[in-house]
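Report on the following structure.
The values are calculated or read from the model by the stated rules, or taken from the named source; none is laboratory data. All of these numbers come straight from a predicted model, not from anything done at the bench. Cβ placement follows ideal geometry from the backbone for every residue including glycine, while neighbour counts extend to all protein chains displayed. Calculation scope for accessible area: heavy atoms of the full protein, side chains included, ligands and nucleic acids excluded. Shrake-Rupley method; radii C 1.70, N 1.55, O 1.52, S 1.80 Å.
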Amino acid sequence: MGVSSALIYAPGFYAKTDELVELAKVASEHGGMTISHMRSEGNQLPQAVDELVTIAREGNLRAEIYHLKAAGEANWPKLDDVIARVEAARAEGLEITADMTPTRPARWARRRDAAVGAGGRLPGMGDAAQGPVDSGAGAEGDADAH
């Protein structure tokens with residue numbers, strides 16, 4: 001049992017954090033987890049990660065970030081901070097994982113590799129975090145690129 005959310009899309013973006021925490025608590029009682037396409041992949045990316053960490057902490061359950069990426073070149077520098085936030089939550093004892101969408105910008109791949117090491121993944125991310133592929137897609141701001 002678990003809770004899946006797509007907070008970047010309608011109608012998911014209407015859900016309040018406290019509602020998601022209450023759902024997470026129920027899933028936790030049954031050994032479940034939460035997985036979320038966060039509210040933002042762009043301008044509010046760090047805050048979106050903080051929200052997921054809050055849901056995991058207060059709901060007492062594992063959490064996964066769907067498609068961790070920074071949409072739009074102006075947001076690429078936020079990845080270092082985002083990865084640090086996930087690592088801090090993991091150091092606190094929370095089980096936070098992520099999968100990564102193949103992405104076009106090679107610069108993003110270099111930044112990711114520098115941040116997470118030669119394996120190109122955060123601890124616990126498994127094989128879903130393989131290196132980037134030039135998909136030909138691009139995104140700006142909070143636009144979805146896939």
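Structural remarks
- Hits in the range 10-55 (condition: out of contact with any Leu (no Cβ under 7 Å at 6 or more places or on another chain) and either of a type in the set (A, V, I, L, M, F, W, C) or part of a strand (DSSP E or B) (or both)): Ala10, Leu20, Val21, Leu23, Val26, Ile35, Leu45, Ala48, Val49, Leu52
- Residues that are under 12 Å from the mean Cα position of the chain (by Cα) and farther than 20 Å from Phe13 by Cα within the range 46-80 comprise just one, Leu79.
- Output for the range 78-104, where each listed residue is of a type in the set (D, E, K, R) and either open to solvent by less than 10 Å² (accessible area, probe 1.4 Å) or assigned to a loop (DSSP other than H, G, I, E, B) (or both): Glu92, Glu95, Asp99, Arg104
- Residue within the range 1-9 that is in a strand (DSSP E or B), at pLDDT 95 or above, surrounded by fewer than 19 Cβ atoms within 10 Å (Cβ to Cβ) and of a type in the set (S, T, N, Q) present: yes
- Look at the range 66-80: where a residue is in contact (Cβ under 8 Å) with a residue 24 or more places away in the chain and over 19 Å from Ala6 (Cβ atoms) and a partner is surrounded by fewer than 19 Cβ atoms within 10 Å (Cβ to Cβ) and among the acidic types (Asp, Glu), sitting 6+ places away or on another chain with Cβ atoms under 6 Å, you get Gly72/Glu140.
- The set of residues in the range 22-42 being within 15 Å of Ile96 (Cβ to Cβ), surrounded by fewer than 20 Cβ atoms within 10 Å (Cβ to Cβ) and among the β-branched types (Val, Ile, Thr) consists of Ile35 alone.
- In the range 43-76, the residues that are open to solvent by less than 70 Å² (accessible area, probe 1.4 Å), out of contact with any strand residue (DSSP E or B) (no Cβ under 9 Å at 6 or more places or on another chain) and of a type outside the set (Phe, Trp, Tyr): Leu45, Pro46, Asp50, Thr54, Lys69, Ala70, Ala71, Gly72, Asn75
- Note on the range 63-77: residues that are hydrophobic (A, V, I, L, M, F, W, C) and in a loop (DSSP other than H, G, I, E, B) amount to 4.
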